[in-house]
Structure formats: C-alpha cells, structure tokens
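Here is the structure we will look at.
The values are calculated or read from the model by the stated rules, or taken from the named source; none is laboratory data. None of the values given here were measured: they were computed from a predicted structure. Methodologically, a virtual Cβ is constructed for each residue, glycine included, from the backbone with ideal geometry; neighbour enumeration extends over all protein chains shown.
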Amino acid sequence: MDIGLHIPHFDWPEGAAGMADTLGQVAERVDQGGFTSLSVMDHWFQMDQYAPATDPML
C-alpha cells in the first residue's frame, strides 16, 4: 500500500519566514516514515471549502 501526505494549509506558527525550514523538516520526516509522496496545495487562490482567501498560501 502507498501512503502520501498532503499539506493544504500553511498557517504555521513560524509564518512565511520559517516556511522553507518547516517544509524541509516535514519532507525529511515523511521520507523517514516510509511515505511514498508529499504534496502541497497548489492553487493560485485559496479554495473556499478549505479556508478563507486571507489564509497563507504557498
């Protein structure tokens, strides 16, 4: 069975300044945990069903 992790939100406590480090740490843990994929929300605009347009985007 293949299991992946999808990250739909980017409102982490470190904010935009810490995003690269945080994503790097998550990617390392996903790899070490045996997951087969890691994906992020890739829409230009926030999708209403997930969060308001004011939420941070990648």
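List of remarks:
- Members of the range 27-58 that are touching a Leu at 6+ places or on another chain (Cβ under 7 Å) and at pLDDT below 95: Val40, Met41
- Residues satisfying the stated conditions in the range 8-27, i.e. surrounded by 12 or more Cβ atoms within 10 Å (Cβ to Cβ) and in contact with a helix residue (DSSP H, G or I) (Cβ under 7 Å, 6 or more places away or on another chain): Phe10, Trp12
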